[in-house]
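The values are calculated or read from the model by the stated rules, or taken from the named source; none is laboratory data. Here the structure is a predicted model, which means the values were calculated and not measured. Cβ: placed from backbone, ideal geometry, glycine included. Neighbour counts: every protein chain shown. Surface areas here come from the heavy atoms of the whole protein model, side chains and all, with no ligands, DNA or RNA. Shrake-Rupley method; radii C 1.70, N 1.55, O 1.52, S 1.80 Å.
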Amino acid sequence: MGGNDDDFREFVLLRRAGLLRSAHALTGDRATAEDLVQNALLKTYTSWGRVSRADDPYAYTQRILFTSFSRMRRRRRVAEDLGASAEPAAAGADDGEIADRDQLRRALDELPARYQAVLVLRFYEDFSVEKVAGILGCSTGTVKTQTSRALARLRLSPQLDVVQRDGEHEHL
């Protein structure tokens, strides 16, 4: 494969950090994020000859990442339904910013994987509606609808009922 391996290696060097950032925003866990990225890159590599000729190999890899995340969430929910122990609670923090981030993480975890993916791509990665639609393989209308619904569910989340700001409590 020679030249293709060099092209793939360059792709990984340029794009791994962005993939890891997205994966960490989805999972809230560095180790799980790294596993998702490794899985996405492995699947990308196995199809690299075709992928490298595509308009946007990064979007292709991100789609694999979000699909893998969705599958992981489904498996975790099934395991929880079957009585497997839940993940340990995050360590408490006295810093308001960390507490707010933990609240947001818990609220995001309550959303379906697709809603999480849309929010991460739109607001964390700052991608356009069109780019998100391309990555997730849906219409721009679907992205807009899912974004709206995800934000509405976040607003209603008991995890985000009260947010601390400068010692005051503000309701969302």
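A few notes on this one:
- For the range 96-119, the set of residues classified as in contact with a helix residue (DSSP H, G or I) (Cβ under 9 Å, 6 or more places away or on another chain), open to solvent by less than 50 Å² (accessible area, probe 1.4 Å) and either at positive phi or of a type in the set (A, V, I, L, M) (or both) consists of Ala107, Leu108, Leu111, Ala113, Ala117, Val118, Leu119, listed by residue number.
- Positions within the range 134-160 being among the hydrophobic types (A, V, I, L, M, F, W, C), surrounded by 15 or more Cβ atoms within 10 Å (Cβ to Cβ) and over 19 Å from Ala25 (Cβ atoms), in sequence order: Cys138
- For Tyr45: the one exception among (1) open to solvent by 50 Å² or more (accessible area, probe 1.4 Å); (2) not in a helix (DSSP H, G or I): (2)
Condition check ((1) more than 18 Å from the chain's Cα centre (by Cα); (2) over 28 Å from Ser128 (Cβ atoms); (3) modelled with pLDDT under 75) across all residues:
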site	(1), (2), (3)
Val12	yes, no, no
Ser22	no, no, no
Val37	no, no, no
Ser52	yes, no, no
Thr61	no, no, no
Ile64	no, no, no
Ser70	no, no, no
Gly92	yes, yes, yes
Arg105	no, no, no
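- Filtered residues of the range 6-42 (kept if open to solvent by less than 50 Å² (accessible area, probe 1.4 Å) and over 30 Å from Glu110 (Cβ atoms)): Phe8, Phe11, Val12
- Of the residues making up the range 34-74, those that are among the polar types (S, T, N, Q) and in contact (Cβ under 8 Å) with a residue 60 or more places away in the chain number 1.
- Any chance Arg122 is of a type in the set (D, E, K, R), at pLDDT 90 or above, open to solvent by less than 70 Å² (accessible area, probe 1.4 Å) and assigned to a helix (DSSP H, G or I): yes
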